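The values are calculated or read from the model by the stated rules, or taken from the named source; none is laboratory data. These figures come from a predicted structure and were not determined experimentally. As a convention, Cβ positions derive from the backbone with ideal geometry for all residues, glycine included, and neighbour counts pool all protein chains shown. Side chains are part of the model used for accessible areas, which takes the heavy atoms of the whole protein and leaves out ligands, DNA and RNA. Shrake-Rupley method; radii C 1.70, N 1.55, O 1.52, S 1.80 Å.
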Amino acid sequence: MSDTNNDRRNELCSRFRQSLTDGSQSSQYFDEDDLIEIFDYAGDLNDDYLRMEALLCGARYYPDSIALKQRRALLYYTFGDDLTAKYLQDNADQHGLMWDITRTRNANPMGDEAVAALDRMLDEYGEFDDEEVIQLVDLASSLGQTDWLIRRLDALRAHVTYLPTLLFEIAVMLEMEQRYGEAITLLEELTDLEPYNEQYWFMLAQEYDLDDNTSGALQALDLALAILPGDKAMRFYQARLLARDENGRSQAIPALDRLAKEFPDDIDISRFSAALRIEIADNSNEEQARIAAAEVLSRCYALNKGNRKLASDLMAIDAAPADSLIVDVDATDSPGDVNGWIAWAGELEALGAYDKAIAILLYCERKLGYKHPSINEALVIDFFQLKDFTSVCNTFESRTVGASSATPDAAALVFVIYAISLAKTGRLKEAAEFSKMILKLVVTDGPDDISYALRRLGAGLVLTDIIDRCTSRKKTDWKAYDPLGAWSNE
């Protein structure tokens, strides 16, 4: 569908929506064709409310409209098979391509029966309008007959009033099935048919990208941007493609700078721009890159105060005080329950910002007013990563309220971390006694099911090693002791 036609349909839908908002009788000034077009375009927008209102208006002013009756069947299908079946039963005497599509969809034939049903539609009906093409392609795909669309493509071409719609819809189905090469073939034809439609070039670029052809994607994007040079989505996509290649990164950074300045409130652009700067920085300009990233993120955060993703990025690069950012997020984009707060802390852990994860967890604990076992367990792991073994022991030993929801594997890890921390803080006798107790609990008396084998072996080996080192004369460098490989990259 051309951009001009989409603009017209957008305007038509906007006027119809306004008529509903006004509560006036102005909806009567939309004729039957208008309502059909509104219904079809609302389907493209996944706007079931607008589809329903168009049908209600049609039922009031054009009760004998066959086309609108057919579309009621399409809407009922989105609400379930039972409604569709009843509606089809009430309209058994109605005939036409859309009716056959709906009946076939409801019957859901398989294999040869599906092929026969699709072939019958080609044989019985002549010209297909856009909505009929969209529904037929969707039907074939839902029946597992995308191959039929490819086999009968030449026959389908002879039936359609507007070929680009057919090619586009089949290309979309092929992409969904990860058949990128076949989708590219259709989109290349589509761009030949409509060379000034930037959306087709953009879609072709994305297919090339999915097919691991970055150079083809960039060429298609160049052509799309030649038609619509200011398009934000296409420019951002181009910058992301360039960022993947070391040679292209020199172009990606200034392109992202321009986007970030032009669209300072765009969270995705700002985050990607900042992350790329940090990623490609070397030792000589690491601090300069951090400052530049902080500037981009801070500008965006000022326009999106309390956004959790931006707050995480700012904390991860020490661009703003963690406590104030956490307060902002709690007021605007709160994680909600304890699991949400732990998940947010996990995002900082993944970035290596364990101190910021601890700040998040402690804030949640203060907010709750008591020590929650799940927060305690997460704190134990984070303090351990920071080599704050005294805090590990203090946290583990603190009294919590409620039952733990930790999985057996997570609980075993926390036990082992506590045992290691006891030893590292010089409490060797306690480390040995605790390890013996957990060894009995997890290994000796634990489930003997094979699914627990790795836990028994892993925890058992570490705990046995701790007992041996704590009770023998063998000298251990506890400072360097790292049986879990927690600091192997240092």
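Would you check if there is a residue in segment 398-409 being assigned to a helix (DSSP H, G or I), free of Cβ contacts under 8 Å to residues at least 40 places away in the same chain, out of contact with any Lys or Arg (no Cβ under 7 Å at 6 or more places or on another chain) and hydrophobic (A, V, I, L, M, F, W, C)?
Looking through segment 398-409, none of the residues is assigned to a helix (DSSP H, G or I), free of Cβ contacts under 8 Å to residues at least 40 places away in the same chain, out of contact with any Lys or Arg (no Cβ under 7 Å at 6 or more places or on another chain) and hydrophobic (A, V, I, L, M, F, W, C).
Taking the criterion of being open to solvent by less than 70 Å² (accessible area, probe 1.4 Å), within 22 Å of residue 127 (Cβ to Cβ) and out of contact with any Asp or Glu (no Cβ under 7 Å at 6 or more places or on another chain), would at least one residue in segment 179-188 satisfy it?
Checked against the condition, which is being open to solvent by less than 70 Å² (accessible area, probe 1.4 Å), within 22 Å of residue 127 (Cβ to Cβ) and out of contact with any Asp or Glu (no Cβ under 7 Å at 6 or more places or on another chain), segment 179-188 yields at least one hit.
In segment 99-139, which residue that is among the aliphatic types (A, V, I, L, M) and within 20 Å of residue 168 (Cα to Cα) is most open to solvent (accessible area, probe 1.4 Å)?
Top of the filtered list is 134.
Among the residues of segment 1-48 satisfying the criterion of being aliphatic (A, V, I, L, M) and open to solvent by 30 Å² or more (accessible area, probe 1.4 Å), which is modelled with the highest pLDDT?
Going through the qualifying residues, I end up with 45.
Do we find that residue 291 is within 17 Å of residue 309 (Cβ to Cβ), part of a helix (DSSP H, G or I) and aliphatic (A, V, I, L, M) in this structure?
The answer is no for residue 291.
Given the conditions (1) part of a helix (DSSP H, G or I); (2) at pLDDT below 90; (3) open to solvent by 80 Å² or more (accessible area, probe 1.4 Å), and given that residue 437 satisfies all but one, which numbered condition is not satisfied?
Evaluating residue 437 over (1) part of a helix (DSSP H, G or I); (2) at pLDDT below 90; (3) open to solvent by 80 Å² or more (accessible area, probe 1.4 Å) leaves (2) as the failure.
If you check residue 134 against the conditions, is it modelled with pLDDT of 95 or more and closer than 26 Å to residue 189 by Cα?
no
Consider residue 280 carefully, then state whether it is open to solvent by 30 Å² or more (accessible area, probe 1.4 Å), β-branched (Val, Ile, Thr), touching a helix residue (DSSP H, G or I) at 6+ places or on another chain (Cβ under 7 Å) and within 30 Å of residue 368 (Cα to Cα).
no
Please go through segment 334-371 and give me each residue that is within 22 Å of the chain's Cα centre (by Cα), open to solvent by 70 Å² or more (accessible area, probe 1.4 Å), within 22 Å of residue 321 (Cβ to Cβ) and touching a residue at least 24 places away in the same chain (Cβ under 8 Å), ordered by number.
Those that are within 22 Å of the chain's Cα centre (by Cα), open to solvent by 70 Å² or more (accessible area, probe 1.4 Å), within 22 Å of residue 321 (Cβ to Cβ) and touching a residue at least 24 places away in the same chain (Cβ under 8 Å): 347, 351.
For residue 265, only one of the following conditions fails: (1) outside any helix (DSSP H, G or I); (2) modelled with pLDDT of 95 or more; (3) buried (at least 18 other Cβ atoms within 10 Å of the Cβ). What is its number?
The single condition residue 265 does not satisfy is (3).
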